[in-house]
Structure formats: structure tokens, C-alpha cells
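Here's the structure we're looking at; comments come further down.
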Amino acid sequence: MVPQADRIIIVEGKTDRERLQRVLAEPVPIYCTYGSYSVEKAERLAELTEEASELFLFMDEDESGKKLRRQMAEDFPDALHLYTQKAYGEVARTPLDVLADILERAGFAVEKG
């Protein structure tokens, strides 16, 4: 298993980050794009994630989330992609037990409850 500090998740917003933090049972840096993406933001995220051995992108399943995922996939081609179910649309609206399942399948330690 990869050491905790070597794994980073990027999400769209702070509500997404807060939801993931509620189910994670290990410290994982989670960075937000705040729904927008630019060359400057890409460079900043690249700096923040350059030491990570695993980078995960966890975006919403709406049009803006899909667009952001496509943009980020170009800049971070080795990133692993996590997906919520289309029925929930957004990471922030995904039930905690479903988020826990998604994260656990990706190898993260999660709170059982």
C-alpha cells in the first residue's frame, strides 16, 4: 500500500472535501479547484501534487464536472479517476456510505458506519 502522504485527492469544492473527510479514516490531502480551472491553477496544483505517487480526481457527474475532469486529465494524465453515481450528480450529494465504498475500492481506509 502507498504511504498516506503520497496520495492526494482533487475535488471541485470545499463541500466535496468536507464530505470525503467525513468518511476517510486516514489523513489525505484534498485540494479544491473551486469549480474553475486555469493555467495558474493547473501550475499550483502541479506544485502541490508533484511528490504524490497517486493522484485522484473526484469530480461531479454534471456537465461542469465532466468538463473539469477532461481539462485536468490532460494536465494530469497519470491521475486515477473516481466517480460518483450519475443518480447523485455531485460528490457533495452522494450518501456517505456510497462515498466510503468508492474510496475503499480505491484503497483508502474509511470509517465504517
**Item:** Only listed residue being farther than 21 Å from Ala100 by Cα and in contact with a His (Cβ under 8 Å, 6 or more places away or on another chain), chosen from Ala73, Ala52, Ala46
**Value:** Ala73
**Complete:** Of the listed residues (Ala46, Ala106), the one being small (Gly, Ala, Ser) and at pLDDT below 95 is Ala46
**Fill in**
Those residues of the stretch 63-77 which are exposed (fewer than 12 other Cβ atoms within 10 Å of the Cβ) and among the acidic types (Asp, Glu) amount to Glu63, Glu74
**Fill in**
Scanning the stretch 83-94 residue by residue, those surrounded by 13 or more Cβ atoms within 10 Å (Cβ to Cβ) and not small (Gly, Ala, Ser) turn out to be Tyr83, Thr84, Tyr88, Glu90, Val91, Arg93, Thr94
**Residue check for Ser36: hydroxyl-bearing (Ser, Thr, Tyr) and part of a helix (DSSP H, G or I)** = no
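Rundown of residues vs (1) touching a Gly at 6+ places or on another chain (Cβ under 9 Å); (2) in a loop (DSSP other than H, G, I, E, B); (3) within 16 Å of Ile9 (Cβ to Cβ); (4) touching a residue at least 12 places away in the same chain (Cβ under 8 Å), yes/no style:
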residue: Leu55; (1), (2), (3), (4): no, no, yes, yes
residue: Lys67; (1), (2), (3), (4): no, no, no, no
residue: Ala87; (1), (2), (3), (4): no, yes, no, no
residue: Ala100; (1), (2), (3), (4): yes, no, yes, yes
**Prompt:** Would you call Leu80 surrounded by 15 or more Cβ atoms within 10 Å (Cβ to Cβ), of a type in the set (A, V, I, L, M, F, W, C), modelled with pLDDT of 95 or more and within 14 Å of the chain's Cα centre (by Cα)?
**Reply:** no
**Message:** I'd like to check something: does the stretch 52-62 contain any residue that is more than 15 Å from the chain's Cα centre (by Cα) and loosely packed, with under 12 Cβ neighbours inside 10 Å?
**Reply:** no
**Asked** Which residue pairs have Cβ atoms under 9 Å apart, sit 6 or more places apart or on different chains, and have a first residue in the stretch 41-53 that is more than 9 Å from Ile8 (Cβ to Cβ) and a second that is among the charged types (D, E, K, R) and not in a helix (DSSP H, G or I)?
**Response** Ser53/Arg7
**Request:** With respect to Lys41, determine if the residue is in a helix (DSSP H, G or I) and at pLDDT below 95.
**Result:** yes
**Message:** If I ask for residues that are of a type in the set (Lys, Arg) and in contact with a strand residue (DSSP E or B) (Cβ under 8 Å, 6 or more places away or on another chain), which ones from the stretch 8-55 would you list?
**Reply:** Lys14, Arg17
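The values are calculated or read from the model by the stated rules, or taken from the named source; none is laboratory data. Worth saying up front: this structure is predicted, and the values here are computed from it rather than measured. Because the Cβ atoms are built from the backbone with ideal geometry, glycine has one as well, and the counts that use them run over all protein chains shown.
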